1. Which residues, counting only those in segment 13-59, are under 17 Å from the mean Cα position of the chain (by Cα) and more than 20 Å from residue 143 (Cβ to Cβ)?
2. If we only count strands (runs of 3 or more DSSP E) wholly inside segment 129-220, which ones have 2 or more residues that are buried (at least 18 other Cβ atoms within 10 Å of the Cβ)?
3. With respect to the numbered conditions (1) assigned to a loop (DSSP other than H, G, I, E, B); (2) within 16 Å of the chain's Cα centre (by Cα), which one is the sole condition not fulfilled by residue 7?
4. Please tell me if residue 141 is at pLDDT 95 or above and more than 13 Å from the chain's Cα centre (by Cα).
5. Considering only residues that are within 26 Å of residue 177 (Cα to Cα) and surrounded by fewer than 22 Cβ atoms within 10 Å (Cβ to Cβ), which ones fall in segment 7-37?
6. What do you reckon, is residue 126 buried (at least 19 other Cβ atoms within 10 Å of the Cβ), closer than 30 Å to residue 93 by Cβ, at pLDDT 95 or above and out of contact with any helix residue (DSSP H, G or I) (no Cβ under 7 Å at 6 or more places or on another chain)?
7. Quick one: residue 113 ticks every box in (1) over 17 Å from the mean Cα position of the chain (by Cα); (2) not in a helix (DSSP H, G or I) except a single one, so which number is it?
8. Of these, 178, 204, which one is closer than 27 Å to residue 97 by Cβ and modelled with pLDDT of 95 or more?
C-alpha cells in the first residue's frame, strides 16, 4: 500500500500563508511540530480529511527549504510524504535503484525515510510507515479533533514541473512512487511541485483554481 498522506509547502512568511490557507480553505491548525527545528525550520500543519497540508519556513541560513526558496524565486511546493505499509522492502528497492536516504527516522509510532531529491526528481519525497496503520505522528497528538471538511475533503494529488516530464514520470514509476502525482513541462521557475489538487466539498466548485503559497490550487 502507498498513498499520499501529506504535502508540504515552503514559505518566506509562515504566519501570512497560514492565515491565507485557513481562511480560503476553511482549515484549522492541528499542530506545530517542534521536531522540524532539527532541519532549521518551523512549521504549521492543517488537516484535509485524514491527510495533511504543511507549511514550513526557514529559521536559519543553509536549510533545504531556504535553498529551494532561492532556487525557485519564492514560495512554492516542497515535499510529498507517502504512507506505506512495507517500508523495509521499499527502502531496499530504492537503494537498489540508486536513491540515497538523506534522513532516516525510527520512532515507536512511525518510521520515515527522506529521499535525495536529485535521485528521485522534482521534489523532496518521504516514505513513512506509521504504527498502527492510519496513525500519523507528524500530525500531533490530537489531529483527529481538527478534521474540517467544510471546503475541501482530501488531497487528490500534486503536479510536478519537470524539464523532461516523460523521463521523470518513468523514474517515479520505476521507484514505485508514481501515486497521486502527475508531471508537466517545467515553467520559468524550474522543476518542482507547482500544483495541488484538492477535493471540493461543494461539487459545484470543482474546476476552480487559485494560487496560494506559490502553487496553483485546483478544486477537483
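The values are calculated or read from the model by the stated rules, or taken from the named source; none is laboratory data. Note that this is a predicted model, so its numbers are computed, not measured. Positions of Cβ are backbone-derived with ideal geometry, glycine not excepted, and every protein chain shown enters the neighbour counts.
1. Result: 39, 57, 58.
2. Hits in segment 129-220: 152-162, 181-185, 192-200, 215-219.
3. Every condition holds for residue 7 apart from (1).
4. So residue 141 does not fit the description; no.
5. 33, 35, 36
6. yes
7. (1)
8. Every option except 178 fails the conditions.
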